[in-house]
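A.B. asks: Encoded as structure tokens, here's the structure I'll be asking about.
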Amino acid sequence: MSSFNLYRSSRYRRALFALSLALPASLLLAAGVGAYLIPPLEIPRVLWEKADQAYAVLVSIRFPRVLLAALVGAMLALAGAVLQGLFRNPLADPGLIGVTSGAGLGAAIFIVLVPGAGPLQVFALPVMAFVGGLLATFGVWRLASNGGRVQVLTLLLAGIALNAAAGALIGLLISRASDEQLRSLTFWTLGGFGGATWITLLAMVPTGLLAFWGLLRLAQPLNALVLGEREAFHLGVHLEPFKRQAVALSALAVGTAVAAAGGVGFIGLVAPHLFRLLAGPDHRYLLAGAALLGASLSVLADLVARTVVAPAELPVGVVTSLLGAPFFIWLLLRYKREVAR
Amino acid sequence: MSLLVAEGLGYQVGGRTLVQGVSLTLEAGEVLALLGPNGAGKTTLLRLLAGEERPSAGRIELLGRALEGYGALELALTRSVLTQQRELSFPFTAYEVAFLGRMPHLQQRPEGPVDHARTERALGEAQALSLAARLYPTLSGGEQGRVDLARVLAQEPRLLLLDEPTNHLDPKHQVEVLALCRRLAEGGWGVVMVLHELNLASLFADRILLLHQGRMVALGRPAEVLCPKRLEAVYGLPFALAPHPSGRPWVMPLVQSSYPVPSL
């Protein structure tokens, strides 16, 4: 009589399995395609033979870039899934609710006010972006929650307010910035993986690993929270530490992603939703699934961004927003119907 | 050792006294019903007993230990709570919702077949097995209530705290849920439940605690508590008492001439 249960959990497993195949496939595709075309299936041979030019392109340009895109996408998607669970609201997204701009502001303050950090900058940025993201997440939480319940309206309004405030402050910093700082800042506000090097990747590892490890452990309490805060407590969740961890670790994930690639919008919203449509909402599978899906989406979006108007390049944020905004509108419409019901 | 002991419980919030001077003892194997008009403090009392709010006066002991000494997980392994909240933030299936009751057990060991067996048994006991594959948000209020009851049962506690378990249920399911509570009590669990239906409490509870404006008016066997005079004082409505075929008291509000009723 356990067929329905088995059915659903095998659906989760199948989705995870498919996604774990899709990620390497999109990585290979994106590593091969570009101004200098290397057929994706040739990649193992090129790596083996270390054939000069193709090898150099792969190792010093393409690999850091696609890996960075994958990591950033995975972290944004994971943070998005956790924030949606924490706020008990499917419309939460690190970008929409202001966490991304908070992290951006933290990093911008560092770029402009601490000039000459030099080589340390790449390692200090994730920390500053984390602090900014953390403050923003706490701010939005305090603004939007009312006795443990988060209203969509106040949540989105708080996001608008935070985005506006962070945008204004970044604007203020821009007016004080030197030319070099200005270039740094502009790169950020647009978002992109163009500056990827192995060093950028290395700088993400400590905070990124911590965020991944910590966020994936939150699956069970997030499932309990689906029922409500009291009900989660009745199921044995020690609420306050859990909420603090969820907020801090999501901010850490978003901060790390933002420090490395600027604000790449909508992945945190779209990836968890796609996984829910594909398999279901159980966080024990959703967190890993959203991360895998977010990584693939981000890699493919970057592929589109750098090939569609070649030899020029679109900021990847433009591509994710072009795809993400209609998706968000569709979600809003669906949500509106559900509320009206 | 008593399952649950509360002494001199009081709870104040924002200068308002919601519960005052409530004392009770629950033994394993017992069903206690909390009755009283709206706003009498039934749900607040249940929340105090659940460890959700700290009483501002008095003390609670669960299995001989002070309630505030329990961690959230330890509590979840000892007692489960059915609230009236039926909103789910994501579309879980009824089975997945019931399976959440296994969560406290899964904090200590990986998921196994026994967890699914317990979930299915709980769904069966709560008459919700046929709903298992459906999405919880698409269920009716009564069906959702049964699925939540299954979740609370799947938690396998020693003590069940139920806030209006019969809400939204049709008469047959009301009786079945309360009969189930009786059977669970006979199996060694303790049950405390908030009810509105006086006669269901009379039929299925060992004892009744009648609350009025946060204070204990009476605590005792149904025949002792459900006397028309006392009910009139509490509910502000005259009651008549009649014998139920089971021998338990059966009370009915008397409608006065000041209320419009259809003529026969």
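A.B. asks: Would you mind ranking B:237, A:16, A:96 so that the residue whose beta carbon has the fewest other beta carbons within 10 Å leads the list?
C.D. replies: Least crowded to most crowded, the residues run B:237, A:16, A:96.
A.B. asks: Still on this structure: Looking only at the protein assembly as shown, where both bridge partners belong to it, what percent of the DSSP beta bridges are antiparallel (to the nearest 5)?
C.D. replies: 60
A.B. asks: Next up: Compare the peptides B:112-119, A:73-80, A:278-285 by average per-residue count of other Cβ atoms within 10 angstrom and give them in order, highest first.
C.D. replies: By packing density, highest mean first, the sequence is A:73-80, A:278-285, B:112-119.
A.B. asks: Something else: How many angstrom separate the Cα center of the stretch A:195-231 from the Cα center of the stretch A:41-75?
C.D. replies: That distance is 26 Å.
A.B. asks: A further question follows. Let me know the shape class of chain B, please: from the alpha-carbon gyration tensor, a ≥ b ≥ c as square roots of the eigenvalues, rounded when a/c is under 1.5, otherwise prolate if a/b is greater than b/c, or oblate.
C.D. replies: In terms of gyration-tensor shape, oblate.
A.B. asks: Count the net charge of all other residues whose Cβ sits under 15 Å from the Cβ of residue B:151, scoring Lys and Arg as +1 and Asp and Glu as -1.
C.D. replies: Residues close to residue B:151 contribute a combined charge of -3.
A.B. asks: Decide, for the stretch A:260-341, between rounded, prolate and oblate: order the square roots of the alpha carbon gyration tensor eigenvalues as a ≥ b ≥ c, take rounded if a/c falls under 1.5, and otherwise choose prolate if a/b is larger than b/c, else oblate.
C.D. replies: It comes out oblate by the Cα gyration axes.
A.B. asks: So, with +1 on the Cβ of K and R and -1 on the Cβ of D and E, and no other charges, what is the size of the charge dipole of chain B about its Cα centre, to the nearest 20 debye?
C.D. replies: Result for chain B is approximately 340 debye, rounded to the nearest 20.
A.B. asks: How much length is gained if the chain between residue B:65 and residue B:240 is pulled fully straight, taking 0.36 nm per residue apart and subtracting their Cα-Cα distance, in nm to one decimal?
C.D. replies: 58.8 nm is the gain from fully extending residue B:65 to residue B:240.
A.B. asks: Ranking B:248, A:65, B:207, A:45 by Cβ neighbours within 10 Å, fewest first, what do you get?
C.D. replies: Listed from fewest to most nearby Cβ atoms, that is A:45, B:248, B:207, A:65.
A.B. asks: A further question on this structure: Just to verify a number: FRET efficiency for residue B:138 and residue A:11, C-beta to C-beta distance, R0 = 25 Å, to 0.05?
C.D. replies: 0.90
A.B. asks: So what's the net charge close to residue B:64: Lys and Arg +1, Asp and Glu -1, counting the other residues with Cβ under 15 Å from its Cβ?
C.D. replies: That works out to -1.
A.B. asks: May I ask you to derive the relative contact order of the stretch A:208-268, considering only C-alpha pairs under 8 Å and at least 6 residues apart, and to give it as an integer percent?
C.D. replies: Value for the stretch A:208-268: 39 percent.
A.B. asks: For chain A, with only Lys/Arg (+1) and Asp/Glu (-1) charged at the beta-carbon, what is the dipole magnitude about the Cα centre, in debye rounded to 20?
C.D. replies: Charge dipole, chain A, about its Cα centre: 980 debye, nearest 20.
A.B. asks: Kirkwood Rh and Cα-based Rg: tell me the resulting Rg over Rh for the stretch A:3-340, rounded to two decimals.
C.D. replies: Radius of gyration over Kirkwood radius for the stretch A:3-340 works out to 0.98.
A.B. asks: Same structure, new question: Can you find, among A:33, A:121, A:51, the residue sitting farthest towards the positive end of the charge dipole of chain A, where Lys and Arg contribute +1 and Asp and Glu -1 at Cβ?
C.D. replies: It is A:33, whose Cα lies furthest towards the positive end.
A.B. asks: Can you tell me the equivalent ellipsoid semi-axes for the stretch B:6-104? Use √(5λ) from the Cα gyration tensor, largest first, whole Å.
C.D. replies: 26, 18, 14
A.B. asks: How high is the FRET efficiency from residue A:59 to residue B:56, r the C-beta distance, R0 51 Å, rounded to 0.05?
C.D. replies: 0.15
A.B. asks: Quick one: 3J(HN,Hα) in Hz for the stretch A:237-245, Karplus 6.51/-1.76/1.60 with θ = phi - 60°, rounded, Gly and Pro as x.
C.D. replies: Result, ordered by residue: 7, 7, 4, 4, x, 4, 5, 4, 4 Hz.
A.B. asks: Averaged across B:83-95, how many Cβ atoms of other chains sit within 10 Å of each residue's Cβ atom?
C.D. replies: 6
A.B. asks: Ok, one more. For A:266, A:327, which order do you get if you count the other beta carbons within 10 Å of each Cβ and list the fewest first?
C.D. replies: If I rank by nearby Cβ atoms, fewest first, I get A:327, A:266.
A.B. asks: Expressed as a rounded percentage, what relative contact order does chain B have, with Cα pairs under 8 Å and six or more residues apart?
C.D. replies: It comes to 24 percent, rounded to a whole number.
A.B. asks: From the backbone phi of the stretch B:62-72, what are the Karplus-calculated ³J(HN,Hα) couplings (6.51 cos²θ - 1.76 cosθ + 1.60, θ = phi - 60°) in whole Hz, Gly and Pro given as x?
C.D. replies: Values per residue, Gly and Pro as x: 10, 6, x, 10, 4, 4, 6, x, 7, x, 4 Hz.
A.B. asks: Then there is this: Please compute, for peptide B:5-12, the average count of beta-carbon atoms on other protein chains lying within 10 Å of each residue's beta-carbon.
C.D. replies: Taking all residues of B:5-12 together, the mean is 0.
A.B. asks: By what distance, in whole Å, do the Cα atoms of the protein assembly as shown stretch along each of the three principal axes, largest value first?
C.D. replies: 97, 53, 53
A.B. asks: What's the magnitude of the charge dipole for the protein assembly as shown around its Cα centre, counting Lys and Arg as +1 and Asp and Glu as -1 at the beta-carbon? Answer in Debye, nearest 20.
C.D. replies: In total the dipole reaches around 280 debye.
A.B. asks: Follow-up question, since we're still on this one. For chain A, build the charge dipole from Cβ charges (+1 Lys, Arg; -1 Asp, Glu) around the Cα centre, then report which of A:173, A:330, A:201 sits farthest towards its positive end.
C.D. replies: The listed residue farthest towards the positive side: A:330.
A.B. asks: FRET efficiency for residue B:74 and residue A:120, Cβ-Cβ distance as r, R0 = 41 Å, nearest 0.05?
C.D. replies: Step by step, r from the Cβ atoms, then E = 0.30.
A.B. asks: A follow-up question, please. Before anything else, pin down the relative contact order of chain A: Cα pairs under 8 Å, at least 6 apart, normalised by residue count, whole percent.
C.D. replies: 31
A.B. asks: Work out the charge dipole of the protein assembly as shown with +1 on the Cβ of Lys and Arg and -1 on the Cβ of Asp and Glu about the Cα centre, then indicate which of B:60, B:95, A:261 is farthest towards its positive end.
C.D. replies: Farthest along the dipole direction, towards plus: B:95.
Where a number appears in this text, it was derived from the coordinates with a stated rule and is not lab data. None of these values were measured; they are calculated from a predicted model. Using ideal geometry, Cβ is built from the backbone for each residue, glycine included, and neighbour counts are taken over all protein chains shown.
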